[in-house]
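The values are calculated or read from the model by the stated rules, or taken from the named source; none is laboratory data. On a predicted model such as this, the values are computed, not experimentally measured, just so you know. Here the Cβ positions follow ideal geometry from the backbone for every residue, glycine too, while neighbour counts run over all protein chains shown.
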Amino acid sequence: MKMPLQPPNTPRWAYTKGLHDLGGGLWAYLQPDGGWGWSNAGLIVDGDQSLLIDTLFDMPLTREMLGQMTDATGLSPDDIGVIVNTHANGDHTHGNGCCAHAEIIASEASMAEMEAFSPEALAALVADSSKLGDVGRYLQDIFGAFDFAGVVERLPTRTFSGELSLRVGDKAVELIEVGPAHTAGDVLVHVPADRTVFTGDILFIDGTPIMWAGPVGNWIAACHRILDMDVDVIVPGHGPITDKAGVRRVQDYLSFCHREARLRYDAGLSVRDAIHDIALGEFNGWTDAERIAVNVDTLYREYCGDTSPPDTMALFGLMAELRR
C-alpha cells in the first residue's frame, strides 16, 4: 500500500502534544512548545518486551503519557520492562516512579548527578520563589506548572559507561554515552533496524540548547555522531521530530556560541557584558534564547580551566535579566 504524498515542506510528523507512531513498534511522545520542562520521551515495543526512553517532569504528566501508551499498545505502566534515562535532568527522570517494576538504566555520570539534586530541592526552590524577586518570578514562570512535591523518586538500578547493547524482543537497541555535553552523562538511544535515534537533550529543535556541563567540543562531536548514523528519524529531547538538517542547526548554534564567547573572553569582557553584547541573529527566534547566559558562562569556565560547579542561582538571575 502506497502512502499518500505530502505537500512540499510538510513536516513528516505534526508537532502536537501526545503519542506519535513512528512505525516498527517505535513511538515518540511530544510536548510542545518544548521549552523549560516540556520534554519528549519514546517507547520501543517488540513482542511482550518494552523499553521507555525517559519519563516526564512530574508524575501527573507521566501518568497521562503512560495512559496514551496503554491505549496504543495495551501495555500498562507495570508492564514496562526497562526505562532508559538519557541524562539526569528532572524533566527526563521525575516520572520514573510511575513504572514501579521497570529496570532503570542510565550512565554512571548521570546517576551521580541525579543523586546530587533531588526533586525535593527543586520543589523547595519553586516554593520559595516569591522571596527571590526577579529570579523568583522567572523560576515561577518556567517551572510553576509542574508538581515537584508529588514526585516519588526512582534512581537508576543499572549504570554503564561508554556503550551498552540491549535487546527489546528481537530488536537491537544501542545506548551510546556522548557526554559530558549538555549534562555530565548524556546518552543516545539508537535503534539501527528502524533507522531511528532518540537523542535526549543533545538536541533541542527550534529551542535554545543549554550547556550545563560542556565541553562544547564534546557536544559538537555528539552531533557528528548522529550525522554519521544511518538514521532518518531523529527524536530530540525537546521540540519536533527532526532529520539531519535539524542536527546541523544545533551544531551551528553551538559553534556560534563558541566563536562569539571566545572573542569576548579574549577581549576581557565579563560573562554579563558578553551576553548583553552578543547579537543572536538567526537564533533569536528560538524559544528560551536567554539560555545564552548559561552557555557563555560554561564556555568561559572551559576557557580558563575552572572545573568548580557553576553558581546556578546567579545564572538564573542572568537569564531572568535577559528575558526581561
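Any residue at all in the stretch 147-163 that's in a strand (DSSP E or B), under 21 Å from the mean Cα position of the chain (by Cα), aromatic (Phe, Trp, Tyr) and within 30 Å of TRP219 (Cα to Cα)? There is at least one residue in the stretch 147-163 that is in a strand (DSSP E or B), under 21 Å from the mean Cα position of the chain (by Cα), aromatic (Phe, Trp, Tyr) and within 30 Å of TRP219 (Cα to Cα). Can you find a residue that is charged (D, E, K, R), closer than 30 Å to TRP13 by Cα and out of contact with any helix residue (DSSP H, G or I) (no Cβ under 7 Å at 6 or more places or on another chain) anywhere in the stretch 258-268? The answer is no, given that none of the residues of the stretch 258-268 is charged (D, E, K, R), closer than 30 Å to TRP13 by Cα and out of contact with any helix residue (DSSP H, G or I) (no Cβ under 7 Å at 6 or more places or on another chain).
Would the stretch 73-80 turn up any residue that is within 25 Å of HIS190 (Cβ to Cβ), surrounded by 18 or more Cβ atoms within 10 Å (Cβ to Cβ) and within 15 Å of the chain's Cα centre (by Cα)? For the stretch 73-80, residues within 25 Å of HIS190 (Cβ to Cβ), surrounded by 18 or more Cβ atoms within 10 Å (Cβ to Cβ) and within 15 Å of the chain's Cα centre (by Cα): absent. Among the residues of the stretch 19-38, is any at pLDDT 95 or above, polar (S, T, N, Q) and either closer than 22 Å to LEU166 by Cα or in contact with a helix residue (DSSP H, G or I) (Cβ under 6 Å, 6 or more places away or on another chain) (or both)? Within the stretch 19-38, none of the residues are at pLDDT 95 or above, polar (S, T, N, Q) and either closer than 22 Å to LEU166 by Cα or in contact with a helix residue (DSSP H, G or I) (Cβ under 6 Å, 6 or more places away or on another chain) (or both).
With respect to being among the polar types (S, T, N, Q) and modelled with pLDDT of 95 or more, THR242 fits the description.
ALA193 meets each of the listed conditions (1) among the aliphatic types (A, V, I, L, M); (2) part of a strand (DSSP E or B); (3) surrounded by fewer than 17 Cβ atoms within 10 Å (Cβ to Cβ); (4) touching a residue at least 24 places away in the same chain (Cβ under 8 Å) apart from (2).
Restricted to the stretch 282-320, and to residues that are part of a helix (DSSP H, G or I) and over 24 Å from the mean Cα position of the chain (by Cα), which residue is farthest from ILE210 (Cα to Cα)? Looking at residues that are part of a helix (DSSP H, G or I) and over 24 Å from the mean Cα position of the chain (by Cα), I get CYS304. Filtered by the rule that a residue be in a loop (DSSP other than H, G, I, E, B) and touching a Ser or Thr at 6+ places or on another chain (Cβ under 7 Å), the stretch 58-90 gives LEU75, SER76, ILE80, GLY81, ASN85, HIS87, ALA88, ASN89. Six or more apart or on different chains, Cβ atoms under 8 Å: show the pairs whose first residue is in the stretch 119-147 and within 25 Å of ARG63 (Cβ to Cβ) and in contact (Cβ under 8 Å) with a residue 60 or more places away in the chain and whose second is in a helix (DSSP H, G or I) and of a type in the set (Gly, Ala, Ser). From residues that are within 25 Å of ARG63 (Cβ to Cβ) and in contact (Cβ under 8 Å) with a residue 60 or more places away in the chain, the pairs are LEU139/SER129. Mind checking which residues of the stretch 281-313 are at pLDDT 95 or above, more than 20 Å from HIS238 (Cα to Cα), surrounded by 14 or more Cβ atoms within 10 Å (Cβ to Cβ) and not hydroxyl-bearing (Ser, Thr, Tyr)? VAL296, ASP297, LEU299, ARG301, GLU302, listed by residue number. In the set SER110, SER130, only one residue is closer than 20 Å to LEU52 by Cβ, hydroxyl-bearing (Ser, Thr, Tyr) and either part of a helix (DSSP H, G or I) or more than 14 Å from the chain's Cα centre (by Cα) (or both); that residue is SER110. A Cβ distance below 6 Å, combined with a sequence gap of six or more or placement on separate chains, defines the contacts here; from the stretch 208-230, residues that are assigned to a loop (DSSP other than H, G, I, E, B) reach residues that are acidic (Asp, Glu) in the pairs THR208/ASP288; GLY214/GLU302; PRO215/GLU302.
Just wondering, is there one or more residues in the stretch 256-266 that are buried (at least 18 other Cβ atoms within 10 Å of the Cβ) and in contact with a Lys or Arg (Cβ under 7 Å, 6 or more places away or on another chain)? No, because not a single residue in the stretch 256-266 is buried (at least 18 other Cβ atoms within 10 Å of the Cβ) and in contact with a Lys or Arg (Cβ under 7 Å, 6 or more places away or on another chain). A search for C-beta distances below 6 Å between a residue of the stretch 273-288 that is touching a residue at least 12 places away in the same chain (Cβ under 8 Å) and any residue that is surrounded by fewer than 17 Cβ atoms within 10 Å (Cβ to Cβ) and part of a helix (DSSP H, G or I), counting only pairs 6+ apart in sequence or on different chains, returns LEU280/ALA289.
Kindly evaluate LEU175 against the criterion of being of a type outside the set (D, E, K, R), part of a strand (DSSP E or B) and surrounded by fewer than 23 Cβ atoms within 10 Å (Cβ to Cβ). For LEU175, the condition - of a type outside the set (D, E, K, R), part of a strand (DSSP E or B) and surrounded by fewer than 23 Cβ atoms within 10 Å (Cβ to Cβ) - is met.
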